[in-house]
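Okay, so here's the structure we're looking at.
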C-alpha cells in the first residue's frame, strides 16, 4: 500500500500552522497576532496599596471599605492587595541574609495574602470573597459570577521563578504588575491603582509640596523624563506597551474614596498613564 510521503510511517499528524515551526522564530511569532477574547469584560480590577491604605489603619481603610461596599451594589470588582510595610521589613531581613530574588518574591506574596484576608474580612458582610492563590485563576469566572467581588494577592505567583532585576535583588513584579497581568489576561473593563497620592507628580509630593501634578502621560514620555520615583512599578510601562487588552490605567488617591466610583465610571480623577 502506498502512503503519502508525509505519512509513510503511518503515524497521525496534527495539522497546525505551528506544527513544523520554531516558536522562537520572530516571523512565526508575528503570524500569531490576532484578536484576544475578553473573558470578564464587565469586571473592574482595582489594586489597593498595602502601605498607602491598609497600613494606615481604621481612619483610612474604613472609609474606603464603605466606598467599595456602595460600588459593589452595581459593579463587579476584582481587588488586588499589596504587602505594605511588612514586605519592606521582610525584604530588609532577606537582603541582609543574602536571600535570592525568588525567595523574596515568595515572601512578598505571603504578605500580600495577609492583607487580602484582612480586607476580605472587612468586606465579608457585602459578600466579597478572598480566594486562595492556588485556585484563584481557575475559579475566578465562577466566583465573579456568583458574588459581587473577589480579593486576591496582587503579587503574581512567579515565586522562585521571579525574573532577576537589572538593579539589586528586590522583585520586579509586585502587586501593581500582578493586578495588571490579571486584568490583561481576563480582558477586564479597566485597571485602577489606588494609592495615597492623587497620581503622578514631577517630584515626590510628600517631600516637595510644590511639585507639579501630571494628569496624563505616555509611557514614552515617562521613559524620557528623569523621575526620581514613581507611584507604581516601573515594569508596568513595559506591560502596558505590550498589552493586547489595555491602552491605559489610572492612578487615584484612595484617601479620597469617592474618587474610586468616579474612576470606575471612566472619569479622569487621577493620573492616566497611556501608551
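Select from the stretch 38-52 the residues that are in a loop (DSSP other than H, G, I, E, B) and at pLDDT 95 or above and list them in ascending order. It would help to see each step written out before you state the result.
Restricting attention to the stretch 38-52, the residues satisfying the condition of being in a loop (DSSP other than H, G, I, E, B) are 38-42, 49-52.
Result: 38, 39, 40, 41, 42.
Residues 22, 74: which one is within 19 Å of residue 140 (Cα to Cα) and either loosely packed, with under 12 Cβ neighbours inside 10 Å or within 21 Å of the chain's Cα centre (by Cα) (or both)? Spell out how you get there, then give the answer.
On the way: 22 fails: within 19 Å of residue 140 (Cα to Cα).
Of 22, 74, the one residue that is within 19 Å of residue 140 (Cα to Cα) and either loosely packed, with under 12 Cβ neighbours inside 10 Å or within 21 Å of the chain's Cα centre (by Cα) (or both) is 74.
Could you tell me which residue of the stretch 133-148 is nearest to the chain's Cα centre (by Cα), considering only residues that are surrounded by 13 or more Cβ atoms within 10 Å (Cβ to Cβ) and more than 13 Å from residue 186 (Cβ to Cβ)? Write out each step before concluding.
Taking the stretch 133-148 as the starting set, the residues that turn out to be surrounded by 13 or more Cβ atoms within 10 Å (Cβ to Cβ) are 133, 136-137, 139-141, 143-144, 147-148.
Pick out the ones that are also more than 13 Å from residue 186 (Cβ to Cβ) and you get 133, 147-148.
Working: 133: 14, 147: 21, 148: 19 Å.
Of everything passing the filter in the stretch 133-148, 133 is nearest to the chain's Cα centre (by Cα).
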Quick one: how many residues across the stretch 15-30 are touching a helix residue (DSSP H, G or I) at 6+ places or on another chain (Cβ under 7 Å) and not in a loop (DSSP other than H, G, I, E, B)? 0
Being closer than 29 Å to residue 133 by Cβ and touching a residue at least 60 places away in the same chain (Cβ under 8 Å), is that true of even one residue in the stretch 208-231? no
Residue list for the stretch 226-275, filter: assigned to a helix (DSSP H, G or I) and either modelled with pLDDT under 95 or farther than 28 Å from residue 35 by Cβ (or both): 258, 259, 260, 261, 262
State all residues of the stretch 72-89 that are in contact with a helix residue (DSSP H, G or I) (Cβ under 8 Å, 6 or more places away or on another chain) and free of Cβ contacts under 8 Å to residues at least 24 places away in the same chain; if no residue qualifies, say none. none
Residue 91, sole failed condition from (1) out of contact with any strand residue (DSSP E or B) (no Cβ under 9 Å at 6 or more places or on another chain); (2) in a loop (DSSP other than H, G, I, E, B): (2)
Quick count over the stretch 67-88, residues being over 16 Å from residue 171 (Cβ atoms) and part of a helix (DSSP H, G or I), is 6
Selection from the stretch 129-159 of residues closer than 25 Å to residue 236 by Cβ and touching a strand residue (DSSP E or B) at 6+ places or on another chain (Cβ under 8 Å) yields 130, 131, 133, 136, 140, 144, 149, 150, 151, 152, 153, 154
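Sort through 214, 207 and tell me the only one that's modelled with pLDDT of 95 or more, more than 18 Å from residue 153 (Cα to Cα) and surrounded by fewer than 23 Cβ atoms within 10 Å (Cβ to Cβ).
On the way: 207 fails: modelled with pLDDT of 95 or more.
Result: 214 is the single residue among 214, 207 that is modelled with pLDDT of 95 or more, more than 18 Å from residue 153 (Cα to Cα) and surrounded by fewer than 23 Cβ atoms within 10 Å (Cβ to Cβ).
The values are calculated or read from the model by the stated rules, or taken from the named source; none is laboratory data. No experiment lies behind these values; they were computed from the predicted model shown. Note that each Cβ is placed from the backbone with ideal geometry, even for glycine, and that neighbours are counted across all protein chains shown.
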